Protein chains: 2
Amino acid sequence: MDQELDRGRTNAPHGSRIDAYVDRYAARATGMVASEVRALFAVASRPEVVSLAGGMPYVTALPLDMVGELVADLVSKRGAVALQYGGGQGDPDLREQICDVMRLEGIEARPDDVVVTVGSQQALDLITRIFIDPGDVVLAEGPSYVGALGTFSAYQANVVHVAMDDQGLIPESLAQTIHALRAAGSRIKFLYTIPTYQNPAGVTLNEVRRRQVLEICRRAGVLIVEDNPYGLLGFDGEPMRTMRADDADGVVYLGSFSKTLAPGFRVGWALAPHAIREKLVLAMESAVLSHSTFTQLAVGQYLATQPWREQIKTFRELYRERRDALLGSLEVLMPPGCSWTRPNGGFFVWMTLPEGLDSKAILPRAIAERVAFVPGTGFYADGGGARHMRLSYCYPQPDRIREGVRRLAGVIEQELRMRDTFGTGAPTSHKGVDTPGPDLA
Amino acid sequence: MDQELDRGRTNAPHGSRIDAYVDRYAARATGMVASEVRALFAVASRPEVVSLAGGMPYVTALPLDMVGELVADLVSKRGAVALQYGGGQGDPDLREQICDVMRLEGIEARPDDVVVTVGSQQALDLITRIFIDPGDVVLAEGPSYVGALGTFSAYQANVVHVAMDDQGLIPESLAQTIHALRAAGSRIKFLYTIPTYQNPAGVTLNEVRRRQVLEICRRAGVLIVEDNPYGLLGFDGEPMRTMRADDADGVVYLGSFSKTLAPGFRVGWALAPHAIREKLVLAMESAVLSHSTFTQLAVGQYLATQPWREQIKTFRELYRERRDALLGSLEVLMPPGCSWTRPNGGFFVWMTLPEGLDSKAILPRAIAERVAFVPGTGFYADGGGARHMRLSYCYPQPDRIREGVRRLAGVIEQELRMRDTFGTGAPTSHKGVDTPGPDLA
């Protein structure tokens, strides 16, 4: 054999942890490193730990027997279709039904502008795939959804955070950030935003600001990616009007059945201006050929035969009760100096710790006390968030939530005593994405 | 508002086909163009057309009532798990069962080295994502699977074909190609191969060559991506021993339940050396968070409770009968000068036309005569394949296959008369991927 061919890989024994391919990966793969806190979350999934970390919807509230009957019917009567390959854009009937769902939040859309995706996470992946060259800027709220930040990072985007307060993204900050980036020659590709019941902050962009953000982006030629998994899970009055409802050409809208039905089907979607939609379908086919026909038809059958609006109401009431349990016990139990947001919907509360405390340093001690949360640093691409944590109320029962807060308050009080005794330590450094795996996030 | 911000997008009316974002896409998106022959395949899906184009398995042969009962049971008894988010690597029990399936083809593997993916197409996408920088070389048989070529192209890989004959990939050509590429300074990232019942060629890499290819790649430090969706669908004797069975460190193996069970679940997998497997899981989470727990558990339940080996035997017999129908009628009906491969398994026959004929030019006329095939150019990244076509026998009934061949032979005979009258035309130019959408491919 030719001498020149003989560059055989490193001779690591089979099953070795040595990576024989370490010098072969793509540049984008260098950022793919497992988080150091991930192992902690494995411990946090034990039943004795109250997890305020996860974002798992409470699917047990679904009528499981009915859903079971419905999928059986689907396979036995339409199996030749349901078990076959489908088109890359997704099932046409389901896309019509998705338009009905979006109408609840003010959107008038055509099924032809919808692409069904493997959860809205895949929609994020495909949008990033078609828009982002390495170094391109994605604007995002600070803090923002960790799964989106992970995807942006996988495509080597430069995420720039825009400040938010309890009314959501601050329009003036957005305008200034765009101005400064453009002046520095950066290519801004889109603004990624979760305007309603934001993950992780729990805040909602108010109506006046929605119009301002739309106008700023329209004038600056910045596409908006509006991610709206929680919009129908509001606790007061009618659903908010989405940003997409007021701008069909400037917004790519992402929706999901993961929170209004169940994440186990992995059915989400993107609604996009026509030209972008065309590219999304091609990207979809290149990524997975097509989504599962079976789960798409199951969701379609559920929407067609079950009282899905009533079911969403059930979820809303259930989550409101849990939010009340969380906010109520925070109020009673947390030591002075802690503050938190007060969500009107969705799954999450964002808590700010007293100065000198570092949520990531606290996590191992909290888990030892049988309560878990997600440290704030995971929700920033720039190392921010050390004094913050995300508390979720979607999954545990109210009593467990109260018990979790009691444990967490105890840990924070102890930290405050340590701080007062030993002074403020340096915040821990930020490396990797500090979140649980997707089964918890 | 700031003057500098005012770069608003092109003012295309809503629903316009003008792409307001044409100058914003990533470099990789420029290759994402719908094929010009795609519209033809929409016509080809009409019932009066005999489609020898698609790669759809014949799922009607499944015991649909049993599968229906099984999924109902799954939702009503294990709904809280089946409808929830799952881990990024895939269900642990299913990964064990996948190891049992792979054992039929000589593979000894640990469930921890398996990642469950959204069809094996997604495994291809993730492998490409972690290995390919723009311009990196992927070696592939010529012809090769169109879905793989599409994915490689989406990551801006440089696909270099290696010659094959009726015994599969030619080892000497592989060695020479690697030598020449290395001499030219190219970075070769992996060899993509479908050694068994290849798509589209229908040929199988013989045992001696398997060892040679493994040795060439091992010495050259070239990773092998072995794609094996058809391995259990052989028509004679025992399944072939996979390449992965003889090299656990140098091969990433891709498997799928799309052909042995049903594509509608979208359950495939990758088996990879440990370090690569770790990156695959991170890439998986960034792409879709996790696969559908529901479809994974459905496949697991099917494997646990149904006679799946017997079902594969049923599929094998069914496809053998159809292969016989196709080969038999080609023998009787095709004009002299046509030649074709004789597959011992899988779904496809690769046909070579007499000199001067161009399969893509023939396609519209064939569809007018109510028969469809896939032109050969779709299976080459370099414009080759004009004299070839892929004929699939997996979906139509034997009588329909014979009728399809009769129609196709008529079209080719007419083309030959035209050629003899008017001489050889220039082959049509190649642009885009000349295949049907995933519902047909």
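In table form, for the structure just shown:
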| item | result |
| --- | --- |
| Cα shape, the range B:21-68, gyration tensor, a/c 1.5 rule | oblate |
| Per-residue average of Cβ from other chains inside 10 Å of A:64-74 | 6 |
| Extreme residue, positive dipole direction of the range B:75-209, given options B:Met102, B:Ile178, B:Pro92 (C-beta unit charges) | B:Pro92 |
| Which of B:His179, B:His291 has the fewest Cβ neighbours within 10 Å, and the rest in rising order | B:His179, B:His291 |
| Under the Karplus curve 6.51 cos²θ - 1.76 cosθ + 1.60, θ = phi - 60°, whole-Hz ³J(HN,Hα) for the range A:184-196, x wherever Gly or Pro sits | 8, x, 6, 9, 8, 9, 6, 9, 9, 9, 10, x, 10 |
| Antiparallel bridge percentage (DSSP; both residues within the protein assembly as shown; nearest 5) | 50 percent |
| Electrostatic dipole magnitude of chain B [Cβ: Lys, Arg +1; Asp, Glu -1; Cα centre; debye, to 20] | 500 debye |
| Per-bin percent of Cα-Cα distances, the protein assembly as shown [20 Å] | 15, 47, 32, 6, 0 |
| Long-range amide H partners of B:Leu191 with built H, under 5 Å | B:Leu139, B:Leu223, B:Ile224, B:Val225 |
| Other copies of A:Glu310: label-to-label distances in nm, shortest first, labels 7 Å along the beta-carbon direction | 4.2 |
| Long-range amide H partners of B:Asp136 with built H, under 5 Å | B:Asn158 |
| Ordering of B:369-378, A:272-281, A:302-311, A:114-123 by burial proxy (mean other Cβ atoms within 10 Å per residue, highest first) | A:114-123, B:369-378, A:272-281, A:302-311 |
| Ascending list, in nanometres, of distances separating the A:Ala368 label from those of the other copies (7 Å, Cα toward Cβ) | 8.1 |
| Shortest-first distances to equivalent copies, position B:Ala39, nm, label 7 Å out along Cβ | 6.0 |
| Inter-part distance where the range B:110-169 and the range A:184-235 are each reduced to a Cα centre, Å | 37 Å |
| Distant-in-sequence amide H partners of A:Trp340 (H built 1.01 Å from N, under 5 Å) | A:Thr352 |
| Shielding by partners - mean other protein chain Cβ count within 10 Å, residues of A:195-202 | 0 |
| Size of electric dipole in the protein assembly as shown: Cβ of Lys, Arg +1 and of Asp, Glu -1, about Cα centre, debye, nearest 20 | 220 debye |
| Value of Rg to Rh for the range B:133-269 (Rh from inverse mean 1/r over Cα pairs, i.e. Kirkwood) | 0.95 |
| Helix-only CD estimate at 222 nm, as mean residue ellipticity for the protein assembly as shown, using -39500 (n - 2.57) per DSSP H run (n ≥ 4) | -13000 deg cm²/dmol |
| Positive dipole terminus of chain A, leading residue within A:Met240, A:Leu357, A:Gly55 (C-beta point charges) | A:Leu357 |
| Test item: A:298-305 mean partner chain Cβ contacts at 10 Å | 1 |
| For the axis carrying chain B to chain A: nearest C-beta residue of B, whole Å | B:Ala72, 2 |
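Read-outs throughout are calculated quantities, based only on the coordinates presented, and are distinct from any laboratory measurement. Not measured: the values here are computed from a predicted model. Virtual Cβ from ideal backbone geometry, glycine too; neighbours counted across all protein chains shown.
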